[in-house]
Amino acid sequence: MLPLLTTIVFLPLVGAAVTAFLPKTRPDLPKKVALGFALADLVAAVVMLARFTPGAAGFQFTERANWVPEAGIQYFMAVDGISVVLVALSALLTVLAIVASWNIGEKPAFYFSMILLLAVGMNGVFCALDFVLFYVFWELVLVPMYFLIAMWGGPRREYAAIKFFLYTLFGSVFMLVGILALYLHPEAGGTFDMIALAKAGASGVIAPGFQWWVFAAFFLGFAVKVPVWPLHTWLPDAHVEAPTAGSVLLAGILLKMGTYGFLRVSLPMLPDAAETWAWFLALLAAISIIYGAAVAFAQTDLKKLVAYSSVSHMGFVMLGLASLTPEGVNGAVVVMVAHGLITGMMFLMVGMVYERTHTRMIADISGVSKAMPVAGGLLAFASFASLGLPGLAGFPGEFLSLLGAWKSDAFSDYYVIASALGVLLAAAYMLWMVQRVVLGEPSAAVSGNPDLSARELSTLVPLVALIVVVGVYWSSLLQYVDPAVTAILAGMGV
């Protein structure tokens, strides 16, 4: 029997290979086969979550073997409380993305194999604890996402796909420089073991000046993926042109890879540099929060509004990480998970509305609640969750991030005050959108359209349930996350 993490990471790869070579005479078969593999992977992820011991701070389900012993490269995977919830989120959104793509008619075998290949990279990043293995999975996600945008995207899909690929590849080059710098360091080097490098960082054998430059390299690698202002410009284009499933996985998981990199690499391995850089990260976070919200307010395209809201929400993650406080870092992880659920639901809803109205222009869509009551209610629900309404998943993470930032001594309180204005702006642009799209009399594009089908509801109901559970019962998530966060901060000595 294969080890659990290996199964979760590579089962989608088997599914991708099988799906890619299905006969073209059966165009209905790829989606069914892909869904079967994705559901099996989700079951494995649920088993992992059930068997995980929440109160333990260390890594669990460790799998280790020599891969390239001559270079000290290992096949080393394990999960802690942070990565275990992100793997589960990745497996869930992969299933929902496949169900949401049920009507794909152009090259379905290739399309669904690309979604499964994307799942391999996403799951692998959160499980890998050898830097080379981590980098392989990190780069792997570029290929399927490029094809999903370039082949099944909107009118400007080639431009958006190339921009996505070049931006993220640019960041990856700098991340590779940081990995090699740590490997070649005379005191801490000679290993790609991420746990060993975190212990070296905590022990103080890496000089602060050297840490500063390595942190800068990793910053460029991770900040592009988040994305942090001003490295965000690829995101709106990629979101707007990507098919619905691509947008769901891009917002739900790929953006989290950047913030996960800060948590797994930059903070524990480079603690002195993290404290030095904290004020700068907080400054960029505050700008991202305000800028993303303000630009979202100005959008006329519904999908672009949701895309810019992601820039704002991911700013709260960066603010929490920069605080270097237990509340702030816990809040950052909660925002990561909540954003995956809420924004994933938002992009699903935008896709469902577009399939019926054939427009994303807010001015052309109104009265959804009258013409399609279920769709209107769920779109309003997702919007309220996104603006941070208490009782829904958007609230606890932003609250903890702001609380931790306020308690932090690493930067000025003015950054926190400016970031808090982002909450007000989020409420403003989301309510503005709800007023125009959900309420009022049905527009010509909306009138006469059928409400959501059972298949579409099957992709939304799990997200609604989880948004409510996380929003009401914070400990459902924090019981996993807090011990891992406490261990990281204890290793940093803060």
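If I stretch the segment between residue 64 and residue 420 completely, what's the gain in nm (0.36 nm per residue apart, minus their alpha carbon distance), one decimal?
Result for the pair: 123.8 nm of gain on full extension.
For the chain, what does -39500 (n - 2.57) per DSSP helix run (n ≥ 4), summed and divided by total residues, give at 222 nm, in deg cm²/dmol to the nearest 500?
Using -39500 (n - 2.57) per qualifying helix, the result is -24000 deg cm²/dmol.
Relative to the longest principal axis of the chain, what angle (0 to 90°, nearest 10) does the C-alpha long axis of helix 157-184 take?
10 degrees
Return the equivalent ellipsoid semi-axes of the range 277-494 as a descending list in whole Å, where each equals the square root of 5 times an eigenvalue of the C-alpha gyration tensor.
In descending order the semi-axes read 34, 19, 11 Å.
Per-residue accessible area for residue 355 at 1.4 Å probe radius, Å² rounded to 10?
90 Å²
How big is the dipole moment of the chain about its Cα centre under a simple scheme where the beta carbon of each Lys and Arg is +1, that of each Asp and Glu is -1, and everything else is neutral? Debye, nearest 20, please.
Result for the chain is approximately 1000 debye, rounded to the nearest 20.
Can you sort 488, 417 by 1.4 Å-probe accessible area, starting with the largest?
If we order 488, 417 from most to least accessible, we get 417, 488.
Semi-axes, largest first, in whole Å: what does sqrt of 5 times each Cα gyration tensor eigenvalue give for the range 344-416?
Those come to 35, 13, 9 Å.
What ratio of Cα Rg to 2.2 N^0.38 Å holds for the chain?
0.92
What accessible area per residue comes out for the range 277-494, rounded to a whole number of Å², with a 1.4 Å probe?
34 Å²
Assign one of three labels to the range 449-494, namely rounded, prolate or oblate, based on the Cα gyration tensor with a ≥ b ≥ c the square roots of its eigenvalues; rounded applies when a/c is under 1.5, prolate when it is not and a/b is larger than b/c, and oblate otherwise.
Since a/c reaches 1.5 and a/b is larger than b/c, the shape of the range 449-494 is classed as prolate.
For the range 386-494, what is the convex hull volume of the alpha-carbon atoms per residue, in Å³?
139 Å³
Which sequence of 138, 152, 474 reflects their accessible areas, 1.4 Å probe, from the largest down?
Putting 138, 152, 474 in descending order of accessible area: 474, 152, 138.
State the Cα centre-to-centre distance between the range 114-162 and the range 251-265 in whole Å.
Their Cα centres are 13 Å away from one another.
What fraction of the Cα pairs in the range 1-121, stated in percent, has a spacing above 22 angstrom?
Taking all Cα-Cα pairs of the range 1-121, the fraction more than 22 Å apart is 41 percent.
Could you state how much accessible area residue 455 has, in square angstrom rounded to the nearest 10, with a 1.4 Å probe and all protein chains kept in place?
For residue 455, the solvent-accessible surface is approximately 60 Å².
Considering only 217, 15, 274, whose Cα is most displaced toward the positive end of the charge dipole of the chain, charges sitting on Cβ of Lys, Arg (+1) and Asp, Glu (-1)?
So the residue we want is 15.
The values are calculated or read from the model by the stated rules, or taken from the named source; none is laboratory data. Computed from a prediction, not measured in an experiment: that's the story for all the values here. Counting neighbours? That spans all protein chains shown, and the Cβs are built from the backbone with ideal geometry, glycine included. Please note that ligands, DNA and RNA were not included when accessible areas were found on the heavy atoms of the full protein model with its side chains. Shrake-Rupley method; radii C 1.70, N 1.55, O 1.52, S 1.80 Å.
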